[in-house]
1. Can you tell me which residue among B:Arg163, B:Arg110, B:Arg151, B:Arg132 is more than 14 Å from chain A (Cβ to nearest Cβ), free of Cβ contacts under 8 Å to residues at least 60 places away in the same chain and surrounded by fewer than 22 Cβ atoms within 10 Å (Cβ to Cβ)?
2. In this structure, is A:Val132 in a helix (DSSP H, G or I), crowded, with 21+ Cβ neighbours inside 10 Å and not polar (S, T, N, Q)?
3. Going by what's in this entry, would B:Arg61 be described as within 13 Å of chain A (Cβ to nearest Cβ), closer than 17 Å to A:Thr190 by Cβ, out of contact with any helix residue (DSSP H, G or I) (no Cβ under 7 Å at 6 or more places or on another chain) and crowded, with 17+ Cβ neighbours inside 10 Å?
4. Does A:Ile204 meet the test of being within 14 Å of another protein chain (Cβ to nearest Cβ) and in a helix (DSSP H, G or I)?
5. Let me spell it out: the conditions are (1) among the basic types (Lys, Arg); (2) in the same structural domain as B:Asp37 (by TED's automatic domain parsing); (3) in contact with an Asp or Glu (Cβ under 6 Å, 6 or more places away or on another chain), and B:Arg87 meets all of them except one. Which number is the exception?
6. Among (1) at pLDDT below 90; (2) assigned by TED's automatic domain parsing to the domain that holds B:Pro285; (3) surrounded by fewer than 20 Cβ atoms within 10 Å (Cβ to Cβ), there is one condition B:Ser54 misses while meeting the rest; what is its number?
7. Taking A:Leu94 as meeting all but one of (1) part of a helix (DSSP H, G or I); (2) at pLDDT below 85; (3) of a type outside the set (Gly, Ala, Ser), write down the number of the exception.
8. How many residues are crowded, with 18+ Cβ neighbours inside 10 Å and out of contact with any Leu (no Cβ under 9 Å at 6 or more places or on another chain) when one looks only at the stretch A:57-76?
Amino acid sequence: MRTWSRVRGVLRDPGGLFGALVIALILIAAIAGPALAPYDPSAQSLETRHLPPFWMDGGSTAHLLGTDQLGRDLASRVIQGARVSTIVGVAAVLMQVLVGVTLGLLAGYWRGALDAVIMRLADVWLAVPFLVLAMALAVVLGPGLWSTVLVLGAVGWVTFARIVRAQTLSIRERDFVLASRVAGARPIRTMRAEILPNVAASVIVVATLQVSQMIIAEAALSFLGLGIQPPDVGWGSMIAEGRDSLSSAWWVAAVPGAALVIATLGINLFGDALRDELDPRIR
Amino acid sequence: MPRILEVTGLKKHFPHRSRNTLPWRPRTMVKSVDGVDLDLEVGETLAIVGESGSGKTTLARTVLKLYEPTAGRIVLDGADITEHSLRRMTPIRRNMQMVFQDPVGSLNPRAEVAAIVEEPLRVQGMRPAERRRRVAEMLELVGLNPGYGSRYPHEFSGGQRQRIAIARALSVDPKLVVLDEPVSALDVSIQAQIINLLVELRRELSMSYLFISHDLGVVRQIADRIAVMYLGRIVEEGARDDVLLAPKHPYTQALLSAVPIDNPALRGVRRRRVLAGDTPNPANPPTGCPFRTRCWLATDTCATTAPELLSVSPTQRVSCHVATEPPQTR
């Protein structure tokens, strides 16, 4: 009941509605991609190389968004790329949530030395530029889908740890946490049953916004050749492939670029609407 | 009567570092509770009264071992629990429960009422089916609809929330319940309801209450005995009527003279005793008697020697040089 009214609240916001539609499109493309795509995304056809999108001179409705330098259908490839973006975005953020929330809860609840160690580690993590750290890790782990997930997951936990720690510090002083000790609960149970539900709203909101960050980061890594490798198709690697023909066939890079922009914009707008609904305090 | 709780020489000091103190200087200690003796018989209600900062709440929380005592012993139902680890305290919690002052803060806003009430039962290892039955039973016992279990705390009024908190505390059938100002956050009309409920439940379930309050009117209705705290110590302790009608300690007298009189005919008869100054800083209490800085009877002895809690009658003890001295030597 409460959940349903919240869903309605998010959808009443224009940004939230747009975001929800974009997310739905991405998810449909990720799940049912092969069935939706008009062509095999890796089928090459040298006769139809660099076809422009259908609204331009020389374009055809057979290839709505045109083709790339190997004659592969861009629309099909963008749809295929949604799968990588979804997997990387969701899996990396889940990993960050798992690590960040756990460390944040422990630091905020126990304070003292443990808190100092965890937060100094977080400070060190933040002192190194995000992408540099990701690149370093990617070089060590080698490129590929799952090592990209691992890289991005390992890099972004600090955001969650800090938010959860800050909220835990204030929540642990409330009487219901003490009441849980009066009941005889051990610290782990108190953290899980009393504190975690009270930080969940912020975590969900931040996680949503973080998904779009991770999609962009994946694209950046792939653009640099450190992320997704063929035959996997990612929007970042598609942009990289289109870079060489930017002057003659700009759409090869622009089509996946537009997909990236629309996806992150939609997720961010959805996250903002979700924040207004769940947790208006953390603007 | 057997005793449910015996506290001897209990101290709780908190380290306190003022802003200008360098780290290697010795830290001062705030002596929130500084040598308290208490005992509580089965079925009895002992009220602890005192103003803000007197250490009432710290005393309550230390007795429950929510704070580690600095010194002293706590014996619950014949067992010394002073040194018990967190793990060993868990089964003990079945016998000692607590109701907090603010029912908004003491109920998890993200938990359903049923989950709140069953929390102690769950921790104590009761099976789910049994728990459900017990939760409904408890809600009914405190005068709430048993069907309210799936609602959230914010859907209830202050009085109802305090009933939920009471249901949670009593769910494990405790022998001792510490009530930390359980009605001071409630409207006056609701206060009476909750007090009546507490009195009734104590009789029905044969529990003992340690009742923390600053409201002497409320204490009059519920307490068998009263202990008056000042600056971390008990200055007077005795049967309710002794303390309320024949207070021996100057502080108790001053405290009682501040209670409004509801009968206009009696107004002006009683002498109002207004204390000068504030409570001294518990990090730096006065020498000798802690109350001497505000006492109108203070003598030289009070500045040098701390008075002990001595019996003035079989049912009343007081910690004051002036009150316990034989009159002729004064």
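The values are calculated or read from the model by the stated rules, or taken from the named source; none is laboratory data. All values derive from a computational prediction rather than experimental measurement. With ideal geometry, Cβ positions are generated from the backbone for all residues, glycine too; neighbour counts draw on all protein chains shown.
1. After ruling out the rest, the residue left standing is B:Arg132.
2. no
3. When the stated conditions are applied, B:Arg61 passes them.
4. Taking the combined requirement at face value, the residue satisfies it.
5. Failing condition for B:Arg87: (3).
6. Condition not satisfied by B:Ser54: (3).
7. Evaluating A:Leu94 over (1) part of a helix (DSSP H, G or I); (2) at pLDDT below 85; (3) of a type outside the set (Gly, Ala, Ser) leaves (2) as the failure.
8. Total meeting the criteria: 1.
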